[in-house]
1. Where in segment 24-82 are there helices (runs of 4 or more DSSP H), lying wholly inside it, with at least 1 residues that are within 13 Å of residue 10 (Cα to Cα)?
């Protein structure tokens, strides 16, 4: 994403409608937006990410926005290798 600063502090909020026990995580603050995006995509269960949002300065990113930041060519951190199953899913979505 052009113009996005991955080095800015960020906050990750669970879905507002979920109870804390079901959300899978509570509010977290990160030193950089890149760390927050990496955590959200690689460590949160998919159902916990649904409805959660990332706030960087005054901008908010929902699940698809967080994924776009992660998949951007500008993303500065090492991504985990994609599993064969994830690669097959991505191939069927683009076909």
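The values are calculated or read from the model by the stated rules, or taken from the named source; none is laboratory data. Bear in mind that the values here come from a model prediction, so they are computed numbers and not experimental data. FYI the Cβ positions are ideal-geometry reconstructions off the backbone, even for glycines, and counts take in every protein chain you see.
1. Details: elements: 33-42, 46-49, 63-71.
Passing ranges, in order: 33-42, 63-71.
Condition check ((1) touching a helix residue (DSSP H, G or I) at 6+ places or on another chain (Cβ under 8 Å); (2) at pLDDT below 80; (3) surrounded by fewer than 12 Cβ atoms within 10 Å (Cβ to Cβ); (4) closer than 15 Å to residue 75 by Cα) across all residues:
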| site | (1), (2), (3), (4) |
| --- | --- |
| 1 | yes, yes, no, yes |
| 14 | yes, no, no, no |
| 17 | no, yes, yes, no |
| 29 | no, no, yes, no |
| 49 | yes, no, no, no |
